[in-house]
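Here is the structure we will look at, set down as structure tokens.
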């Protein structure tokens, strides 16, 4: 599947904010839980729908998990031009620091399929990174 077409017709922006969830984490058991809130914005000129997701989650030991699935949080949001969709989910890793990134597979109303990149972002417990 091609990456984002070069024109502005298909332009989806993905922004992510993370938070460490200490109440669900257990550092003695190498379990660090993070919540992430994703905002997906259709900056293109045609309506688009999110069909599937692909995440790559890597901890500080370079252990990588790949997650693929339909939609996000049980939904396949359809976004008109200028519209956004926001959701919160979570992940657990074995180290206090890690990264996530990936892509959403989108389909435009004209049938064009493309990937919307999820930029790599850092998962880290408070105070671990300067």
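The values are calculated or read from the model by the stated rules, or taken from the named source; none is laboratory data. This structure is a prediction, so every number in the text was calculated from the model and none was measured. Every residue, glycine as well, gets a Cβ built from its backbone with ideal geometry; the counts of neighbours run over all protein chains shown.
For residue 95, the conditions (1) in contact (Cβ under 8 Å) with a residue 60 or more places away in the chain; (2) crowded, with 17+ Cβ neighbours inside 10 Å; (3) in a strand (DSSP E or B) are fulfilled apart from (3). Among the residues of region 50-72, are any surrounded by fewer than 17 Cβ atoms within 10 Å (Cβ to Cβ), touching a residue at least 40 places away in the same chain (Cβ under 8 Å) and over 18 Å from the mean Cα position of the chain (by Cα)? Checked region 50-72: no residue is surrounded by fewer than 17 Cβ atoms within 10 Å (Cβ to Cβ), touching a residue at least 40 places away in the same chain (Cβ under 8 Å) and over 18 Å from the mean Cα position of the chain (by Cα).
For region 42-58, the condition of being out of contact with any strand residue (DSSP E or B) (no Cβ under 9 Å at 6 or more places or on another chain), farther than 30 Å from residue 28 by Cβ and modelled with pLDDT of 95 or more holds for at least one residue.
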